[in-house]
Amino acid sequence: GQQLNQSPQSMFIQEGEDVSMNCTSSSIFNTWLWYKQDPGEGPVLLIALYKAGELTSNGRLTAQFGITRKDSFLNISASIPSDVGIYFCAGQKGGSEKLVFGKGTKLTVNP
Amino acid sequence: DTGVSQDPRHKITKRGQNVTFRCDPISEHNRLYWYRQTLGQGPEFLTYFQNEAQLEKSRLLSDRFSAERPKGSFSTLEIQRTEQGDSAMYLCASSLAGTLDYEQYFGPGTRLTVT
């Protein structure tokens, strides 16, 4: 099935560093969401974006809905060990209620 | 805890057996979704309900899969004649139709292993 292109696939950073990851598609999406998943658990919603150009923050997390509606970005500032996990972008197209997910970015934070 | 719950958390079954999973959504949510996730992949949509009506189904949902939400509250997903390729994490999510339609909240998942 269709998936979004998410990069990078993995990141290894030091505690305190900032992190950026992105998600792109050849198709236009109406809504972009970012989730975090820990091993053996379901994804947890971090941020939802509804308008092109929208910039939304949730604590140390900031996400943007790309102007072209074909991409989205997630930034994490001042990373901490509990930021470890897999981050997924998800998009929703008009005419369907389903979310289409990327393959995820695996984040490792070294203390 | 008022989040999405799923039961069982883990299921090991032999090929050819039938299995059924249950999902209880967040109580005020009228939309319920099923997704499947395999190792190294993001979740893939299977089907969704608004109240008791099943409104969208993926081509991934073969004839061996059936989902119900008889009273518009909890939902069940049944897989008949399981195959090894059915091994995956089955995730349920719920949302509230309206302004924040697409904010889907996921349960912890049911991990299925077919031997």
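The values are calculated or read from the model by the stated rules, or taken from the named source; none is laboratory data. Since the structure is predicted, the reported quantities are computational estimates derived from the model, not experimental observations. A quick note on method: Cβ atoms are made from the backbone with ideal geometry, for glycine too, and the neighbour counts reach across all protein chains shown.
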Picked from the stretch B:80-100 (must be crowded, with 17+ Cβ neighbours inside 10 Å and of a type outside the set (S, T, N, Q)), the residue farthest from residue A:36 (Cα to Cα) is B:86
Could you count how many residues in the stretch B:70-115 are over 22 Å from residue A:89 (Cβ atoms), within 14 Å of chain A (Cβ to nearest Cβ) and at pLDDT 95 or above? 4
So the strands (runs of 3 or more DSSP E) completely within the stretch B:17-115 holding 3 or more residues that are over 14 Å from the mean Cα position of the chain (by Cα) are none
What number of residues within the stretch B:45-86 are touching a strand residue (DSSP E or B) at 6+ places or on another chain (Cβ under 7 Å) and polar (S, T, N, Q)? 9
Matching residues in the stretch B:63-79 - criterion: being among the hydroxyl-bearing types (Ser, Thr, Tyr) and buried (at least 21 other Cβ atoms within 10 Å of the Cβ): B:75
Members of the stretch B:1-16 found to be in a strand (DSSP E or B) and acidic (Asp, Glu), listed by number: B:7
Residue tally, condition assigned to a loop (DSSP other than H, G, I, E, B) and within 14 Å of chain B (Cβ to nearest Cβ), over the stretch A:31-53: 8
Limited to the stretch A:54-103, what total is found for residues that are outside any strand (DSSP E or B) and either aromatic (Phe, Trp, Tyr) or closer than 16 Å to residue A:13 by Cβ (or both)? 9
Whether any residue in the stretch B:52-62 is loosely packed, with under 13 Cβ neighbours inside 10 Å, among the basic types (Lys, Arg), farther than 22 Å from residue A:39 by Cβ and more than 14 Å from chain A (Cβ to nearest Cβ) is what I want to check. no
Assigned to a strand (DSSP E or B), in contact (Cβ under 8 Å) with a residue 60 or more places away in the chain and not acidic (Asp, Glu): does that describe residue A:106? yes
